[in-house]
Structures are given as structure tokens and as C-alpha cells.
Amino acid sequence: MTDYLVTPTIEQAPDPTAADADLATMLLIRHFELALLDLFARGELHGTTHTCLGQEYVPVALAPLLTARDYVFSNHRGHGHYIARFGDPAGLLAEIMGRAGGVCHGVGGSQHVFRDRYLSTGVQGESLPVATGVALHLKREEPGALALAYIGDGTWGEGAVYEALNMAALWRLPLLVVVENNGIAQSTPTAAELAGTIGGRAAAFGCAHLRVENTDPAGIRAVAGPLVERVREGTPLVLEFVTNRLGPHSKGDDTRPEAELSRVRAADWHARGSGERFAAADAAAAARIAGLVAEVSARPPAVWSRA
């Protein structure tokens, strides 16, 4: 087991083209999530939703490291995971709005989305044992492919996490566990519910652990890329992102004190954006999502069929 640490670097500048693509996707996810909160506030959406505001860079950094053969198991806060994977905000928005063209014909909603080798669920810890089983299948039948499971820091309170890590390490499975550690589990600070560290818990099972404190996708990929390739060879990896949840747990139930919210907002990658390039990309993403909301809102209701 090796414990790695990613820190910001200035030695090697990222490729400008790749950086533009990363930024465009991050901003697309940001404005998609903001639009959802606005739609809920106007009473135009039903049910619930959990946004990934502040965490957009995580799936954007990982997407180029994955292939179509890889399985991705998302969670309740998974809109960014889906958009980074498929580049399809229209299909996801239609699904959440219950309109024609939804990726699951309107029956999955915000949390339960299935497409190809991508599956999201709102049940904490449910996806990790399933991903472990899939990783076992891949090792036997599709060598070189991996199973990725996104979980949060709060999910480390589920026993299924440890059962899955035990099997993955014991059987040397191609399992990548991505932890979006945003410091709060619904309304409980992580420090109040998690003893020790996530790295220490991964080490207990002999799993490699990489702690990421960087928000630059290119810089993250430079260090994480070789380790993800080792996952494909049967070295399970717990990839922990120290990140921030900018928005509420769901639509409006943010119980954090104002001082903590101010800290989170100041640390937000979007708040640090500046310059003409950033402003132009931000405006373009906002306009695209605004147009998409208008277009999807005008569609007829989705009709589910077994066909």
C-alpha cells in the first residue's frame, strides 16, 4: 500500500486546448446545477435533487482516464458524473423534468439514472458492493476494464464499504473508489462522524490511497493517471478528493453556520476564475443551459414504454 498526495503544481503548464475543454465542461455542470435549483424554486420540478456545486472538477478530471468499457456507479449527487461521462445535459435535464427525450424516459428522475455502463443510485453505500461484483466479472471476462464507484465521506459509515474493500483487495480487483470528501455528511460535519482518516481505513485493507487537494483537472490526471492504469491491472485504489459542497444537501436545507459557508464560497474554484477567457466560457455555458431549459420545458411529458 502506498499513500500518495497530490498538491498544486506550477512546474508544468496544462495543454491550453485540454484546459479549455475541461473548463467548458466544469462550467456546463455549474450552470446546469444552478438551473435545477432555480427550477425547483419556481415550482417547475418535483421530488428532490442534490447538486454537485463546488465538486464539478472531480468527474471532469477523471473522464479522460476512463473508457467506454469501464463501469461507472454514481450516487445521489451525480449530475456532474453523468455530464462528464456522456456530454448530454439535454437528456439528463429531460429526465429530471419528466419530459420527452429523458435518458430513462422520466422514470429515474434526478438520482436513479441508467445508461450503457453507467448507473446512479440514491442509496448510500449500495453501489460499492455492486461495483465490486462487476469488477470481479471484468477481471475474469474483460481484462483491462475497471469499475468506478463514487461515494462520499458520509458513506464510510456503511458496513458495505468495508466488505467491498476487503473483497477487492483480497481478490485484486480492478476497483476504483472515488471519494468526494466535502467535509459534511448531509448536515453532520465529517469530523463529528468519522474516526481516523479515509486513507487509514483504506490502508487497513491493503488498498492504495491517493488524497487529492488540487482542483486543476490536468494536474490531477498527471498524477492519478498512472495509478488508474494500475487499477486496471488489479490494484484497487481509493481516490479521495478533498473538495467543498457549495450548495445545500438537497434543495434548501443548508444548516451550516455563515462562517463556514463563507469559507466554502471563498475556496470555490469558480470564485477564483478570472480573465476574459474565463468570463467568455462562463457566459457561453450559462447561455447554453438557459436555451436548454427553454427547449426542454417546451417538450411534451415523457411516456415510458417497455419497448
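The values are calculated or read from the model by the stated rules, or taken from the named source; none is laboratory data. These numbers were taken from a predicted model, which means no experiment stands behind them. Please note: Cβ atoms are built from the backbone with ideal geometry, for glycine as well, and neighbour counts cover all protein chains shown. Surface accessibility is based on the protein's heavy atoms, side chains included, excluding ligands, DNA and RNA. Shrake-Rupley method; radii C 1.70, N 1.55, O 1.52, S 1.80 Å.
Determine the percent antiparallel among the DSSP beta bridges restricted to segment 151-299, to the nearest 5.
Within segment 151-299, antiparallel bridges account for around 15 percent of the total.
What does DSSP give for segment 140-220 in terms of the percent of beta bridges that are antiparallel, rounded to the nearest 5?
25
What dipole magnitude, in Debye to the nearest 20, does the chain give about its Cα centre under +1 on Lys/Arg Cβ and -1 on Asp/Glu Cβ?
560
Farthest toward the dipole's positive end in the chain, which of Ala135, Ala149, Pro64, given Cβ charges of +1 (Lys, Arg) and -1 (Asp, Glu) about the Cα centre?
Comparing the listed Cα positions along the dipole, Ala135 ranks first.
Given (i) 23.6, 80; (ii) 18.8, 54; (iii) 23.8, 86 as candidate values of Rg and Dmax of the Cα atoms in Å, which corresponds to the one derived from the coordinates?
Among (i) 23.6, 80; (ii) 18.8, 54; (iii) 23.8, 86, the one derived from this structure is (ii).
When only C-alpha pairs under 8 Å and at least 6 residues apart count, what is the relative contact order of the chain, in percent?
25
Just want the answer: with Cβ charges of +1 for Lys and Arg and -1 for Asp and Glu, which residue in Ser305, Ala202, Gly91 is farthest toward the dipole's positive end in the chain?
Ser305
Report, in debye and to the nearest 20, how large the dipole of segment 196-307 comes out about its Cα centre when Lys and Arg carry +1 and Asp and Glu carry -1 on their Cβ.
300
Efficiency by 1/(1 + (r/R0)^6): what FRET value for Glu44 and Arg172, r their Cβ-Cβ distance, R0 = 51 Å, to the nearest 0.05?
0.55
Return the long-range amide H neighbours of Gly54 (sequence gap of 5 or more, or a different chain), with a cut-off of under 5 Å between placed amide H atoms.
The answer is Leu246.
Looking only at the chain, where both bridge partners belong to it, what percent of the DSSP beta bridges are antiparallel (to the nearest 5)?
Restricted to the chain, the bridges split so that about 15 percent are antiparallel.
What 222 nm value per residue comes from the helices of the chain, counting each DSSP H run with n ≥ 4 as -39,500 (n - 2.57) and dividing by all residues, nearest 500 deg cm²/dmol?
That calculation yields -13500 deg cm²/dmol at 222 nm.
Given a 1.4 angstrom probe, what's the average accessible area per residue across the chain, in square angstrom?
About 44 Å² of surface per residue is accessible.
For the chain, what are the DSSP H helices with axial Cα length of 24 Å or more and mean Kyte-Doolittle hydropathy of at least 0.0?
16-41, 275-297
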